[in-house]
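K.L.:
Encoded as structure tokens, here's the structure I'll be asking about.
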Amino acid sequence: MKILKTTKELIDYRKSLTCSIGFIPTMGALHQGHISLIRKSIEENDSSIVSIFVNPTQFLVKEDFSKYPNRYEADLRICKLIGIDALFIPNIDEIYFANEPNIVAPMRQSYMLEGYQRPKHFDGVLRVILKLLNLTKPTKSYFGKKDAQQLFLIQNMVKTLFLETAIVPCEIIRDENGLALSSRNIYLNEKEKIKALNLSKSLKVASREIMSGELHVEKIKKRMREVLKNLDVEYVEIIDRKFCKIEKIDLKNSIILVAVKIGKIRLIDNMWI
Ligand code: AMP
């Protein structure tokens with residue numbers, strides 16, 4: 001496995017390849033969610049590149065970017081064991097410059113839900129993903145459905161800026177109790193982990209309601225809020241897959257999303273229906 005630390009090393013490496021490239025951008029502290037994306041890429045491409053870069057521009061001032069989990073040694077071992085071809089781990093000054101044009105995510109979809117809670121977060125996400133896609137020029141790029149709004153905005157950017165990569169959405173990976181895996185879960189103590197199970201439980205309750213014929217968004221949200229009543233809920237929302245508000249669920253075209261705060265930790269989860 002090649003370890004690439006500079007953009008020049010990455011570009012030289014990418015130019016040396018004549019085969020299909022799969023790309024998996026991450027912020028490290030790798031878990032089975034990331035691993036599922038990496039495995040899919042290895043299956044579908046001749047060469048797979050993983051990046052680990054904790055992107056400062058997607059953190060709000062009040063969010064502590066420096067406290068994001070760092071598991072470099074473990075991540076390195078995981079990448080070697082899975083058998084990726086190259087790992088890109090740049091420093092911040094490899095990626096960002098003093099004066100650079102900025103990319104601004106579309107207003108409506110980036111200032112609702114996650115973007116309402118974290119203004120300008122998606123500007124930072126798109127800014128770094130655009131740079132990484134331009135550097136790696138992957139045939140296919142792998143993103144988790146866990147970050148549904150991020151996935152939507154990246155798909156929109158790829159389409160509208162005519163980027164030549166196919167975005168592959170990947171299923172949400174959960175632990176044995178249903179908790180969606182996240183690098184931030186390591187900050188949850190045992191009590192908080194039990195509380196956190198209410199996220200996936202609320203989604204299950206919603207899906208049971210839908211299976212029994214209930215399609216009214218407000219009624220389903222009310223049932224979900226009952227499950228989440230002891231939590232600090234940031235949002236419970238049901239929207240269509242273009243992130244537009246709906247009153248009634250359109251099957252196979254909707255997403256149920258939930259975000260809560262447990263102590264200082266934000267957790268998100270969703271279900272595509
Ligand atoms: P992150 O390191 O949090 O930026 O995530 C890197 C990629 O892994 C993103 O595309 C995420 O959506 C994806 N991802 C994170 N957690 C999961 C999960 N539990 N299941 C599937 N994909 C995930």
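The values are calculated or read from the model by the stated rules, or taken from the named source; none is laboratory data. Quick caveat, the model's predicted, so the values are computed rather than measured. Backbone-built Cβ (ideal geometry, glycine too); neighbour counts: all protein chains shown.
K.L.:
Being out of contact with any strand residue (DSSP E or B) (no Cβ under 6 Å at 6 or more places or on another chain), touching a residue at least 24 places away in the same chain (Cβ under 8 Å) and over 11 Å from Ala86 (Cα atoms) is the filter here; which residues of the stretch 1-32 pass it?
P.N.:
Answer for the stretch 1-32, where residues must be out of contact with any strand residue (DSSP E or B) (no Cβ under 6 Å at 6 or more places or on another chain), touching a residue at least 24 places away in the same chain (Cβ under 8 Å) and over 11 Å from Ala86 (Cα atoms): Thr6, Thr7, Ile11, Ser20, Met27, Ala29, Leu30, His31, Gln32.
K.L.:
Here is a further query. Being in contact with a strand residue (DSSP E or B) (Cβ under 6 Å, 6 or more places away or on another chain) and surrounded by fewer than 19 Cβ atoms within 10 Å (Cβ to Cβ) is the filter here; which residues of the stretch 173-187 pass it?
P.N.:
Those that are in contact with a strand residue (DSSP E or B) (Cβ under 6 Å, 6 or more places away or on another chain) and surrounded by fewer than 19 Cβ atoms within 10 Å (Cβ to Cβ): Arg174, Arg184, Tyr187.
K.L.:
Hey, another quick one. Criterion first (at negative phi, of a type outside the set (Lys, Arg) and either in the same structural domain as Val258 (by TED's automatic domain parsing) or within 16 Å of the ligand (Cβ to nearest atom) (or both)) does Gln109 satisfy it?
P.N.:
no
K.L.:
What do you reckon, is Ile167 assigned to a loop (DSSP other than H, G, I, E, B) and within 13 Å of the ligand (Cβ to nearest atom)?
P.N.:
Against the criterion (assigned to a loop (DSSP other than H, G, I, E, B) and within 13 Å of the ligand (Cβ to nearest atom)), Ile167 does not qualify.
Matching residues to (1) within 16 Å of the ligand (Cβ to nearest atom); (2) over 16 Å from Lys146 (Cα atoms):
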site: Glu176; (1), (2): yes, yes
site: Ser183; (1), (2): yes, no
site: Tyr187; (1), (2): yes, yes
site: Leu199; (1), (2): yes, no
site: Ser202; (1), (2): no, no
site: Met211; (1), (2): no, yes
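K.L.:
Related question: Among the residues of the stretch 170-190, which ones are assigned to a strand (DSSP E or B) and without any contact (Cβ under 8 Å) to a residue 40 or more places away in the chain?
P.N.:
Arg174
K.L.:
If you go through the stretch 5-18 one residue at a time, do you hit one that is closer than 21 Å to Ala180 by Cα and either assigned to a helix (DSSP H, G or I) or away from the ligand (no atom under 14 Å from the Cβ) (or both)?
P.N.:
So far as the stretch 5-18 goes, no, none of its residues is closer than 21 Å to Ala180 by Cα and either assigned to a helix (DSSP H, G or I) or away from the ligand (no atom under 14 Å from the Cβ) (or both).
K.L.:
Hey, another quick one. Taking the stretch 61-116 on its own, how many of its residues are under 22 Å from Thr136 (Cα atoms), of a type in the set (Asp, Glu) and buried (at least 17 other Cβ atoms within 10 Å of the Cβ)?
P.N.:
Count: 3.
K.L.:
Spot the failing condition for Phe97; the list is (1) farther than 30 Å from Lys62 by Cα; (2) more than 15 Å from the chain's Cα centre (by Cα), and only one is missed.
P.N.:
For Phe97, the exception is condition (1).
K.L.:
State which residue is surrounded by the most Cβ atoms within 10 Å (Cβ to Cβ) when the search covers only the stretch 44-60 and only residues that are over 16 Å from the mean Cα position of the chain (by Cα) and over 15 Å from Ile167 (Cα atoms).
P.N.:
This residue is Ser47.
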